[in-house]
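Since the structure comes first, as structure tokens, the remarks are kept for the end.
The values are calculated or read from the model by the stated rules, or taken from the named source; none is laboratory data. In this text the structure is predicted, and so the values were computed from the model without any measurement. Because the Cβ atoms are built from the backbone with ideal geometry, glycine has one as well, and the counts that use them run over all protein chains shown. The protein model used for the area step is the full one, side chains on, heavy atoms only, and it has no ligands, DNA or RNA in it. Shrake-Rupley method; radii C 1.70, N 1.55, O 1.52, S 1.80 Å.
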Amino acid sequence: MHSLKLLALASAALAASAAHAAAPSTWAYSAKTGVGASYEAYVDGAYKAGGKTGAVSKVWFSIADGVLTETMYGLIHEAQIKQMRIAVQTATGLAVEGADTTSKTEYLHVDAAGRPLSPAYKITTTDKQGRFVIEKRIFTDPDRNSLFVRVTVKALKGPVTPTLVLEPHMANTGGGDTGVASATALTAYEGRAFLSLKGTKPFAKASASTLKDNDALAGLKATTTSAKGAIVLTGQLPAVTKEATFDFAIGFGPDAKTADATAAATLKTGYAEVLARFNGEGARVGWEDYLASLTELPRLREASEDGGKLVQASALMLKVQEDRTHAGALIASLSNPWGDTVDATESSTGYKAVWPRDFYQCAMALAALGDKETPLAAFHYLPTVQVGAKTPGNKGDGGWFLQKSHVDGTPEWVGVQLDQTAMPIMLGWKLWKLGWLSDKDLKTFYGEMLKPAADFLVKGGKVDLGWNHATITPPFTQQERWEEQGGYSPSTTAAVIAGLVVAGDIAEAAGDTASAETYRKTADDYSSKVEARMVTTKGAFGDGHYYLRLNSDQDPDNKSPVEERNGQAAVPENKMLDAGFLELVRYGVRRADDPAIVASLPKLDDEAMEDLYRVRYSFTFPGVDGTFPGWRRYGVDGYGEDTKTGANYGADGQMRPGQRGRVWPIFTGERGHYELALAGVAGKPDAAAVRRIRDTYVKAMELFANEGLMIPEQVWDGVGAPSAHGYTRGEGTDSATPLAWSHAEYVKLLRSVSDGQVWDNYAPVKARFSR
């Protein structure tokens with residue numbers, strides 16, 4: 001999805017490595033099995049105190065490899081903790097969670113069918129030598145900026161002594177912290193970000209030390225109680241002979257007193273009541289109430305193949321990954337991709353940021369669930385990330401949307417991706433037609449946001465923001481949806497055409513008939529040139545007739561090179577396949593049985609192709625009958641682990657020629673949508689066709705999810721050297737889990753299957769181009 005993002009991080013890592021003699025601190029493993037936050041109700045479409053959920057908690061957490069990992073406080077990208085593990089001294093040596101244990105992730109609060117009712121987790125880590133078992137119960141306090149952790153330690157082969165090992169990354173960096181340890185609390189701060197970890201009982205011993213060579217366990221030997229820089233805090237618990245339970249709270253705040261008081265208040269409220277409030281049990285308002293508000297959730301559960309477990313988890317995941325200061329700010333993932341080899345010396349958002357494309361997918365999925373509030377909040381949020389006179393540093397034309405930004409609108413990446421300018425228009429039209437966005441609001445947003453966006457899709461303009469001084473001439477996009485290079489892109493062009501057609505409807509409703517005509521005529525022009533610009537008849541694969549991933553000029557047959565990216569050498573454009581052309585069908589720009597669409601599928605699906613160029617891979621899963629399809633982003637994709645060494649993408653700040661992008665579950669969903677459109681070409685799809693789609697594409701996405709019901713960005717395709725993590729085929733990699741877009745695609749596929757038609761197909765687009 002976002003390979004330029006990791007290129008930037010890799011460069012930063014390289015610079016930091018050169019500047020520091022010691023190894024820089026990193027983030028945690030990115031294959032999360034759980035993420036969570038409190039449900040907070042809007043007050044007049046915003047997050048503020050005084051509503052039915054009371055004070056607003058602004059804490060998020062994640063879980064990977066059986067341990068608490070990145071925990072955020074403040075804005076959703078502002079990590080304060082890298083991880084917290086438990087080290088256990090046994091009669092036969094020291095063991096630590098992660099390296100020396102196996103783990104299991106379960107939801108703490110489920111319904112009678114085993115479907116999750118809240119993102120509260122029970123994490124069980126078991127010593128590989130059978131000496132102990134640790135159970136952790138983790139959730140946030142919905143009334144405070146704090147995290148509750150209940151720890152139960154079971155000694156199986158003699159007494160054990162557990163110690164909390166906390167690695168703060170205050171203010172979203174792995175250095176510059178100040179830490180103090182005492183029997184009553186472990187504390188850390190940087191700037192105005194403070195934390196305090198307190199228990200119901202004092203620690204037997206406590207230490208604070210400076211991290212050296214990324215070895216946090218060295219802190220177990222420390223005797224110091226204060227430290228600065230990259231730090232480790234430890235708190236030893238009493239020895240456990242059989243079984244003991246300990247309650248902890250990690251409080252956050254703008255000063256030490258507030259953080260300490262917050263943790264103390266959470267502990268005073270107690271485990272049972274904090275969890276009940278988090279869940280929304282009885283008269284309390286929490287996650288149960290949010291799920292109950294989703295009017296379409298019951299029928300989407302019926303469309304699933306797993307009894308509704310994954311769709312219910314997906315609803316939680318999509319809502320969790322929203323900022324709690326800027327209502328409607330939907331991020332890509334609560335993870336830092338390949339975080340365990342990414343330098344944390346400098347602040348970075350990872351995927352905890354806004355991309356209007358991912359944002360659109362999430363808002364549309366939430367609408368598909370019947371959430372009437374969050375998609376509207378999301379739409380109202382969009383001016384925050386639209387470029388204009390108020391955008392810091394902007395001296396060029398506006399109307400387009402930032403490539404990537406912090407949730408407060410701070411520009412982070414400033415490339416122009418035309419699909420990200422079209423999708424806000426598409427979302428607005430959808431909400432209007434659902435009856436959720438009023439005519440009055442539509443007209444207001446047309447003048448303030450949608451018309452400038454549509455005008456940019458027609459005329460383009462001169463960009464002057466940050467490094468970007470390009471002149472944009474649509475539908476040629478400076479970057480397509482994988483953010484790596486420019487050209488005529490089938491997926492981008494599909495969104496641009498759809499955005500302009502529905503902009504015509506909106507303009508007409510607003511009384512701007514002249515603009516309505518311009519938008520529709522421009523869409524007609526772009527549509528009339530799709531095949532001439534993006535379909536080759538002299539390609540390198542099969543009979544030579546198929547859609548290109550990208551064309552940098554007007555001639556799809558001239559074999560012009562696609563630029564080198566992610567360590568992969570440049571190849572002719574006709575040797576790089578992807579499934580982006582299916583978006584033309586999804587949005588209604590082309591029929592599912594269009595000749596060029598149909599001609600492209602055999603090349604896309606050719607599993608006999610050389611691995612470098614091959615896109616489709618089939619998977620089998622233990623105990624499950626059948627094979628299930630998956631697709632890479634495109635052939636020659638280098639956004640993934642090294643096939644020669646198994647190293648993470650961009651490890652040590654290096655782009656390697658062996659890097660390989662793996663299979664993305666979202667494309668299984670995209671193909672399922674296409675197959676539904678194809679089955680419905682002559683009318684409503686028959687029951688047998690819908691059953692095939694459910695058995696193949698819905699089931700595949702469910703199988704790609706991990707035990708925590710998180711759908712990854714990428715799953716292991718089995719090509720090349722195994723990663724150090726020992727992935728099996730079909731298992732999520734260290735790239736990013738959960739990916740909000742993956743969950744959104746799954747939800748939208750269920751809605752489409754349930755409706756018998758593609759959820760984000762646009763009727764006026766279909767009527768115009770693909771009747």
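Debye-formula intensities of the stretch 339-431, expressed as log10 I(q)/I(0) at q = 0.22 Å⁻¹, are -1.08 (one equal scatterer per alpha-carbon, no solvent). Against the chain, whose longest principal axis is taken from its Cα atoms, helix 490-509 shows a tilt of about 80°. Take the alpha-carbon positions of the stretch 575-640, form their convex hull, and give its projected area averaged over all directions (one quarter of the hull surface) in nm². Taking the Cα atoms of the stretch 575-640, their convex hull projects to 5.9 nm² on average.
Principal-axis analysis of the Cα atoms of the chain puts helix 513-528 at an angle of about 90° to the longest axis.
One quarter of the surface of the convex hull around the alpha-carbon atoms of the stretch 413-467 equals 4.3 nm², the direction-averaged projected area. Placing Lys766, Lys122, Lys136 in order of accessible area, with the largest value first and a 1.4 Å probe, yields Lys766, Lys122, Lys136. Once every Cα of the stretch 177-236 carries one equal point scatterer and solvent is ignored, give the base-10 log of I(q)/I(0) from the Debye formula at q = 0.12, 0.19, 0.24, 0.28 Å⁻¹, two decimals. So the normalised log intensities work out to -0.24, -0.60, -0.91, -1.14. In the assembled protein chains, Trp467 presents an accessible area of approximately 150 Å² (probe radius 1.4 Å). Considering the zone a paramagnetic label at Gln129 would reach in this model (a point 7 Å from Cα along the Cα-to-Cβ line), which residues of the stretch 138-175 have amide N under 20 Å from it? Within reach of a label on Gln129, which here means backbone N under 20 Å from a point 7 Å along Cα→Cβ, the stretch 138-175 contributes 153-165. When you filter the chymotrypsin sites (Phe, Trp or Tyr not before Pro) in the stretch 578-638 for DSSP loop state and at most 12 other Cβ atoms inside 10 Å of their Cβ, nothing is left. Label-to-label distance, Gln554 versus Thr645, with points set 7 angstrom from Cα along the beta-carbon direction: 4.6 nm. Here Thr184 and Ala91 are evaluated by their C-beta separation; at R0 = 41 Å the FRET efficiency comes out at 0.90. Convex hull volume of the Cα atoms of the stretch 480-558, normalised per residue: 93 Å³. Per the Debye calculation on the chain with a single equal scatterer at every Cα and no solvent contribution, log₁₀ I(q)/I(0) for q = 0.10 Å⁻¹ amounts to -0.99. What shape does the stretch 412-557 take by its C-alpha gyration tensor, where a ≥ b ≥ c are the square roots of the eigenvalues and a/c under 1.5 counts as rounded, a/b above b/c as prolate, and the rest as oblate? Because a/c hits 1.5 or more and a/b exceeds b/c, the stretch 412-557 counts as prolate. With the convex hull drawn around the C-alpha atoms of the stretch 545-671, the volume per residue stands at 135 Å³. Please label the shape of the stretch 244-371 as rounded, prolate or oblate, based on the square roots a ≥ b ≥ c of the eigenvalues of the alpha-carbon gyration tensor (a/c under 1.5 means rounded; beyond that, a/b larger than b/c means prolate, else oblate). It is oblate, given that a/c is not under 1.5 and a/b is not larger than b/c. Computed from the C-beta positions of Lys433 and Ala608, the FRET efficiency with R₀ = 51 Å rounds to 0.70. Using a probe radius of 1.4 angstrom, the carbon and sulfur fraction of the accessible surface of the chain is 51%. FRET efficiency for the Ala46 to Arg299 pair, using the beta carbon distance and R₀ = 30 Å, is estimated at 0.50. Summarising the label geometry, the points placed 7 Å from Cα in the beta-carbon direction at Asp255 and Glu243 lie 4.4 nm from one another. From its DSSP helices (H runs of at least four residues, each -39,500 (n - 2.57)), the chain gives a residue-normalised ellipticity at 222 nm of -9000 deg cm²/dmol. The residues of the chain expose, per residue, 32 Å² of accessible area to a 1.4 Å probe. Straight-distance candidates among the lysines for linking to Lys212, with alpha-carbon spacing under 28 Å and chain neighbours fewer than 8 residues away dropped: Lys5, Lys32, Lys82, Lys128, Lys136, Lys198, Lys221, Lys228, Lys352.
Translational diffusion of the stretch 383-489 was estimated from the Stokes-Einstein equation, with Rh taken as the Kirkwood radius over Cα pairs; at 20 °C and 1.002 mPa s the coefficient is 152 µm²/s. Note on the stretch 635-764: semi-axes of the ellipsoid equivalent to its C-alpha gyration tensor, largest first and rounded to whole Å, are 33, 14, 12.
The C-alpha atoms of the chain define a longest principal axis, and helix 740-755 lies at about 60 degrees to it.
For the stretch 624-771, the relative contact order comes to 25 percent (Cα pairs under 8 Å, sequence separation of at least 6). Between the stretch 30-51 and the stretch 191-267, how many Å separate their Cα centres? After rounding, the separation between the Cα centres reads 26 Å. Based on Cα atoms of the stretch 107-233, Rg over Rh with Rh as the Kirkwood radius reads 1.01.
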